[in-house]
1. Every residue in the range 12-38 that is under 18 Å from residue 82 (Cβ atoms), among the β-branched types (Val, Ile, Thr) and in contact with a helix residue (DSSP H, G or I) (Cβ under 8 Å, 6 or more places away or on another chain), please.
2. Applying the selection to the range 273-296, what residues are over 19 Å from residue 218 (Cβ atoms) and open to solvent by 60 Å² or more (accessible area, probe 1.4 Å)?
3. Any residue at all in the range 55-74 that's surrounded by 14 or more Cβ atoms within 10 Å (Cβ to Cβ) and within 26 Å of the chain's Cα centre (by Cα)?
4. Considering only residues of the range 75-100 that are of a type in the set (Lys, Arg) and more than 13 Å from residue 58 (Cα to Cα), which is surrounded by the fewest Cβ atoms within 10 Å (Cβ to Cβ)?
5. May I ask you to verify whether residue 146 is open to solvent by 30 Å² or more (accessible area, probe 1.4 Å) and assigned to a helix (DSSP H, G or I)?
6. Tell me, yes or no, whether the range 176-199 has at least one residue that is basic (Lys, Arg), buried (at least 16 other Cβ atoms within 10 Å of the Cβ) and closer than 30 Å to residue 291 by Cα.
7. Does the range 101-121 include one or more residues that are open to solvent by 10 Å² or more (accessible area, probe 1.4 Å), more than 23 Å from residue 28 (Cβ to Cβ) and outside any loop (DSSP other than H, G, I, E, B)?
8. Kindly indicate whether any position in the range 259-271 is of a type in the set (Val, Ile, Thr) and under 27 Å from residue 161 (Cα atoms).
Amino acid sequence: MAKITAEKLFTQLKAGTVSPVYLLTGEDVYRKNQVINELIKILQPDDFNIYRSEADKADWGEALTLANTAPVFSNTRMVILTGIEKIRKEPKEALLRYLNNPLPTTTLVLTHNDSKKIKTEKNLAGLAADAGCVADFAELKRDELNLWARNKMQEKGLQPDFDALDVLCEAVGGELAAMEQEIEKLYLYTLDRADKKITKQDVLACIGFSKEENPFELSNAITACDRRRAIMLVDKLVDDGEEPVGILSKMTFPILKMARVKRLAEAGLPQSEILRAAGLMFWESRLVNQARAMPAQAAFKRTLDKIIEADSAFKTSTATDPKIMLKGILLTLFNK
């Protein structure tokens with residue numbers, strides 16, 4: 001067949017189309033497991049006709065012998081080997097030999113979870129594509145993750161607003177298994193509510209933060225150019241025992257984001273182009289106006305120098321007063 005997108009693979013499976021070989025690449029283990037479960041549902045192999053193992057723990061002699069053996073009292077056999085990026089030279093060579101001439105009655109499913117290493121596995125990917133199909137399951141980012149979360153929530157009758165989705169995706173990230181658990185918590189949280197609209201505060205409550213402990217308050221204060229509140233939050237985070245390097249990380253992301261937006265705005269690009277180029281969601285358009293109020297690019301450069309200095313000091317335990325270093329970054333940024 002060929003290399004195809006994850007979406008096209010799901011479409012093929014819904015139509016009942018099955019290949020003798022699947023190589024599923026990328027870091028998104030959740031959706032790869034969905035593919036495996038869908039194949040099992042389609043093929044319905046019994047215990048005599050399915051072999052499943054992590055690649056580094058598998059008996060490769062047995063696995064490939066089974067793959068080359070006709071199914072027992074069935075039309076198909078499944079062999080599933082996950083994490084093949086970990087296998088050694090000998091089993092890999094045996095696997096490549098099998099991919100040169102796969103048995104049509106076997107469906108071999110391989111998962112490879114290292115997106116950098118797979119780029120060097122051209123022989124493996126090429127043979128798998130010739131024998132069946134290769135589909136990449138990169139971790140969902142920003143708008144894709146937002147859409148996935150929205151669809152999952154709507155399947156459960158939940159109606160999230162934009163801020164709720166933004167906070168949920170920023171808090172959980174691209175780990176879809178964890179995202180599904182958080183959505184289930186939101187479903188249970190609103191089980192006795194007639195109104196299924198989900199707000200930012202609902203998400204924060206379910207994740208485990210109170211309104212006063214919003215984990216994005218520092219980021220919001222920085223993007224809003226609220227120097228007084230940002231400094232107050234740094235004081236509070238340090239006093240509450242949060243690691244300085246963790247606070248620095250919370251500060252660095254919004255600063256880099258606003259530096260990028262300001263540079264694009266100063267280049268004269270229209271708002272829609274700025275949002276696209278900066279990788280922002282359409283409801284983050286407020287950041288464009290906020291970025292215009294931020295200090296000049298020179299202030300960003302001095303701020304980044306301070307961030308690098310603080311990062312080194314925190315990681316080498318040479319910082320004498322974390323509060324002074326962290327607040328120094330904010331004072332440098334907002335010093336017009």
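1. Answer for the range 12-38, where residues must be under 18 Å from residue 82 (Cβ atoms), among the β-branched types (Val, Ile, Thr) and in contact with a helix residue (DSSP H, G or I) (Cβ under 8 Å, 6 or more places away or on another chain): 21, 25, 29, 35.
2. 273, 276, 282, 289, 292, 296
3. For the range 55-74, residues surrounded by 14 or more Cβ atoms within 10 Å (Cβ to Cβ) and within 26 Å of the chain's Cα centre (by Cα): present.
4. Ranking the qualifying residues of the range 75-100, first place goes to 89.
5. no
6. No; the residues of the range 176-199 include none that is basic (Lys, Arg), buried (at least 16 other Cβ atoms within 10 Å of the Cβ) and closer than 30 Å to residue 291 by Cα.
7. Looking through the range 101-121, none of the residues is open to solvent by 10 Å² or more (accessible area, probe 1.4 Å), more than 23 Å from residue 28 (Cβ to Cβ) and outside any loop (DSSP other than H, G, I, E, B).
8. yes
The values are calculated or read from the model by the stated rules, or taken from the named source; none is laboratory data. Source: prediction; values computed, not measured. Methodologically, a virtual Cβ is constructed for each residue, glycine included, from the backbone with ideal geometry; neighbour enumeration extends over all protein chains shown. In case anyone asks, the SASA skips ligands and DNA or RNA and just uses the protein heavy atoms, side chains included. Shrake-Rupley method; radii C 1.70, N 1.55, O 1.52, S 1.80 Å.
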